[in-house]
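The values are calculated or read from the model by the stated rules, or taken from the named source; none is laboratory data. Just so you know, these numbers come straight off a predicted model, no measurement behind them. Methodologically, a virtual Cβ is constructed for each residue, glycine included, from the backbone with ideal geometry; neighbour enumeration extends over all protein chains shown.
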Amino acid sequence: MKTFSEIYEDLKKKFADKSNLDIEPGTVIDFYMLSSAEALNEAYQEIENNKNPHIFTKLTGEDLDNMGFGYNCPRMANESDESYRYRLMNWLLKSEASNYTAIEMALMNMNYASYVTYVPLTEGVATATAYIIPKSYDETTIANAIAEAQERLKKVCSPGTYISYVIPEAIPVRIVAYINTENGDIETIKNNIKKKVADYINNIAIGDFLELGEINKIGINENGVNYFNVIQLYINNKVTNALNILQKIESKFVFDDIIWWTVE
């Protein structure tokens, strides 16, 4: 940015170049040049002050307060700019941890788990339980899912929090269903339905219901199917007549098999 003196000398030089006249100090035209230079200097300064308003180190006073309101971090009573600026610069790190939103966000898009449910205060103050639903129940996937959850939570939970990592008990779901097709390969149709039903059951979230109607919808909507109907549903090897069953936190529905009865 140009200084006041540089602006003044530039104005005088431009005037001299165009008029071939020198400006004598103390004359009316000299005072005019001084006034113009001062006005331009103030304009330069205002532009500079507003050039980077998002830079914390450039903010003071009311501008710093306005930035703080945006972060929901107001200035404390009689707090200096230096102290307030330091708190604002560390506000993001502080807000990233030890709150449910940060924890929930950290547990999204897991690589080895369908989802992880974090429940605080399960064994008292400074305790929590992470219920991990692995994408498959083999030992390697379970180990990787636990390690991934531990790494994610380490960044957002208080170091003093004791977290239990629990793999809910797998509850097998077996289905007996009628099926009929007239225009299609029956084995291909069965395999397609089986895969879609498995995806549906294995991805039911905690607090949602396994719905018999949803399974019937999958079968009926498969191309080439003329008739499909679930006639029996086994949950943990026990038959149930319920139309919907709650997915609880301590266990996980896992697709087992479909027993087919072909009808003419």
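May I ask you to say which residue of P134, P172, P168 is crowded, with 19+ Cβ neighbours inside 10 Å and either under 30 Å from E222 (Cα atoms) or of a type in the set (D, E, K, R) (or both)?
Just one listed residue meets the conditions, P134.
Checking the condition assigned to a helix (DSSP H, G or I), exposed (fewer than 15 other Cβ atoms within 10 Å of the Cβ), modelled with pLDDT under 90 and not assigned by TED's automatic domain parsing to the domain that holds G207, which residue from E82, E151 passes?
Matching residue, one of E82, E151: E82.
Only one of I189, I193 is touching a residue at least 24 places away in the same chain (Cβ under 8 Å), surrounded by 15 or more Cβ atoms within 10 Å (Cβ to Cβ) and closer than 30 Å to V116 by Cα. Can you tell me which?
I193
Which one of these is over 30 Å from F253 (Cβ atoms), loosely packed, with under 14 Cβ neighbours inside 10 Å and modelled with pLDDT under 85: K12, K58, K2?
Within the list K12, K58, K2, the selection yields K2.
Check V225 against each of (1) outside the structural domain of A128 (by TED's automatic domain parsing); (2) surrounded by fewer than 13 Cβ atoms within 10 Å (Cβ to Cβ) and name the one condition it does not meet.
Of the numbered conditions (1) outside the structural domain of A128 (by TED's automatic domain parsing); (2) surrounded by fewer than 13 Cβ atoms within 10 Å (Cβ to Cβ), the odd one out for V225 is (2).
Considering only residues that are in a loop (DSSP other than H, G, I, E, B) and surrounded by 11 or more Cβ atoms within 10 Å (Cβ to Cβ), look in the stretch 107-120 and name the one that is nearest to the chain's Cα centre (by Cα).
L107
Six or more apart or on different chains, Cβ atoms under 7 Å: show the pairs whose first residue is in the stretch 29-47 and under 23 Å from K58 (Cβ atoms) and whose second is part of a helix (DSSP H, G or I).
From residues that are under 23 Å from K58 (Cβ atoms), the pairs are L40/I7; N41/F4; N41/I7.
Which of the numbered conditions does K94 fail, given that it passes all the others? Conditions: (1) modelled with pLDDT under 75; (2) more than 30 Å from A145 (Cβ to Cβ).
Only one criterion in (1) modelled with pLDDT under 75; (2) more than 30 Å from A145 (Cβ to Cβ) is unmet by K94, namely (2).
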